[in-house]
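One structure below.
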Amino acid sequence: MRKTSKYRFPSRPAALTAGLLLLWPLAACDEKPKQAAAPAPPQVILAEVVQENVPIVMEYSGTVKSVKRVDIVPRVSGYIFERFFTEGTFVKEGDPLFLIDPRPYQETVNNFEANLAREKANLKFWEAEVGRYKRLAKSGAASKEKLDATVAKRDTTLADIDQNNARISNAKLDLSFTKIAAPFAGRIQQERIDVGNLVEKQRDILTTLVQMDPIYVVFNISRREVYRVQLLTRKGWAYPVEKMPVEIVLPDGTPYGTKGNLNFVSFVIDPTTDSLDARGVFANPRSSELGGFDLIPGQYVPVKVTVGEIPDALVIPQVALVETQAGKHVYVVGDDNKVESRKVEIGEDYDQKWVVTKGLKKGERIIVEGLQKVRPGIAVKPKAAGEAPAADS
């Protein structure tokens, strides 16, 4: 009887699996290791450091103020006879505003003119008498005393005529004062005393007239800013005061269409404000036939004064500047397209640009877009200005 062996050959599937496991290390040894692909240089947009003449602009808070503002008061007493204007409207120089009852003043003129006519008639009489007494005195028919008395009467009449002429002039002047006219063009405010009321000369205010064109904008220049202008003047960068253009911004944020001139700067610092008083003057024409004006007295407006100009300043876009705890710097791209972090010092800012006073040269290329993708020492792929960098994958 045959004995059965305890050893059993593996089944066919198990044998195949074992064979594959033996061959796998050999196959793996034949494969060459693959290197990781290097990342593409980040795309950035560059700008060149340029030279420009940079305006030096100082900003202030200003207040619009009328050039002229007068209270209209009567120069003669009397009853208000008539009012000719509409409250709140624009009037021209010489336009009638009020009429004080002229009748009493016309009567005074008439009386003085009548007196003058009487004195002129008396003068003719006394001149004839003087001639007659001269002839009589020459023939001895009249005394010299009588002739002298007649001459005195004539001379007194001449003096009376001169006095009446002066009285007539004054009376006519008072009569003219009954017609109250606008002393200059401007906007008339509300009537304060109604027609029919009695007013006294040089006391009662009838209304107020405000000149609107031209108009002032007043502001204060701090002592520190005064010193800054003095430094600019020493460098030859400051304009003469009368040539410093002044600009303002309207309440809706739009620039006022006309530039003004700086027509006054005080030479004494006010100790209460530690500043100088300054004033610009602007044209302020009516913006409509209804009498509207862009600038109104009492209105607050931002003021910009161009005090001078920095010649041939190095300028960079403000977006290129990076500020860290270590200071201000920009990323400079060399001819090999590698990035360098460059520390810079800046000065004036204008039109979304910085003036660079130290750290850069004209023509150097700096990164203005894609700053978050770079670090010093890496290579970058510059893109043309105006072309957005490609999105990161």
Fill in: Odd one out for K65, checked against (1) out of contact with any Pro (no Cβ under 7 Å at 6 or more places or on another chain); (2) within 24 Å of Y216 (Cα to Cα); (3) of a type in the set (K, R)
(1)
Worksheet item: Restricting attention to the stretch 234-262, and to residues there that are part of a loop (DSSP other than H, G, I, E, B) and over 23 Å from S287 (Cα atoms), which single residue is farthest from the chain's Cα centre (by Cα)?
Response: G236
Worksheet item: Among the residues of the stretch 48-70, is there at least one that is in a loop (DSSP other than H, G, I, E, B), farther than 27 Å from P255 by Cα, in contact with a Gly (Cβ under 8 Å, 6 or more places away or on another chain) and at pLDDT 60 or above?
Response: yes
Item to complete: Within the stretch 319-340, work out how many residues are among the hydroxyl-bearing types (S, T, Y) and at pLDDT below 95.
Response: 1
Worksheet item: If you take the residues of the stretch 338-360 that are in contact (Cβ under 8 Å) with a residue 40 or more places away in the chain and either more than 21 Å from I56 (Cα to Cα) or not in a strand (DSSP E or B) (or both), which of them is nearest to the chain's Cα centre (by Cα)?
Response: L360
Worksheet item: Of everything in the stretch 83-107 that's in contact with a Pro (Cβ under 9 Å, 6 or more places away or on another chain) and over 13 Å from I193 (Cβ atoms), which residue is surrounded by the most Cβ atoms within 10 Å (Cβ to Cβ)?
Response: F85
Discussion item. Let me spell it out: the conditions are (1) within 30 Å of I188 (Cα to Cα); (2) among the polar types (S, T, N, Q); (3) free of Cβ contacts under 8 Å to residues at least 24 places away in the same chain, and T89 meets all of them except one. Which number is the exception?
Written reply: (3)
Worksheet, complete the sentence: Of N284, N263, N220, the only residue that is surrounded by 13 or more Cβ atoms within 10 Å (Cβ to Cβ), touching a strand residue (DSSP E or B) at 6+ places or on another chain (Cβ under 7 Å), free of Cβ contacts under 8 Å to residues at least 40 places away in the same chain and outside the structural domain of F84 (by TED's automatic domain parsing) is N263
Response to the item:
The condition from (1) surrounded by fewer than 16 Cβ atoms within 10 Å (Cβ to Cβ); (2) assigned to a helix (DSSP H, G or I) that W126 misses is numbered (1)
Worksheet entry | Members of the stretch 172-214 that are under 36 Å from the mean Cα position of the chain (by Cα) and in a helix (DSSP H, G or I) | none
Response to the item:
Of the residues in the stretch 186-196, those that are of a type in the set (A, V, I, L, M, F, W, C) and surrounded by fewer than 17 Cβ atoms within 10 Å (Cβ to Cβ) number 2
Worksheet entry | Top-ranked residue in the stretch 296-333 [being part of a strand (DSSP E or B) and among the polar types (S, T, N, Q); ranked as farthest from G62 (Cα to Cα)] | T324
Worksheet item: Looking at (1) surrounded by fewer than 16 Cβ atoms within 10 Å (Cβ to Cβ); (2) part of a strand (DSSP E or B), can you tell me which one L231 breaks?
Response: (2)
Worksheet item: So which residues in the stretch 350-372 are touching a strand residue (DSSP E or B) at 6+ places or on another chain (Cβ under 7 Å) and not hydrophobic (A, V, I, L, M, F, W, C), if there are any at all?
Response: Y350, Q352, K353, T357, K358, G359, K362, G363, E364, R365, E369, G370
Practice prompt. State which residue pairs qualify: first residue closer than 24 Å to Q163 by Cα and inside the stretch 118-147, second residue assigned to a helix (DSSP H, G or I) and of a type in the set (S, T, Y) in any location, beta carbons under 6 Å apart, and separation of 6 or more residues or different chains.
Written response: E119/T157; N122/T157; L123/T157; W126/T157; E129/T150; V130/T150
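The values are calculated or read from the model by the stated rules, or taken from the named source; none is laboratory data. No experiment lies behind these values; they were computed from the predicted model shown. Every residue, glycine as well, gets a Cβ built from its backbone with ideal geometry; the counts of neighbours run over all protein chains shown.
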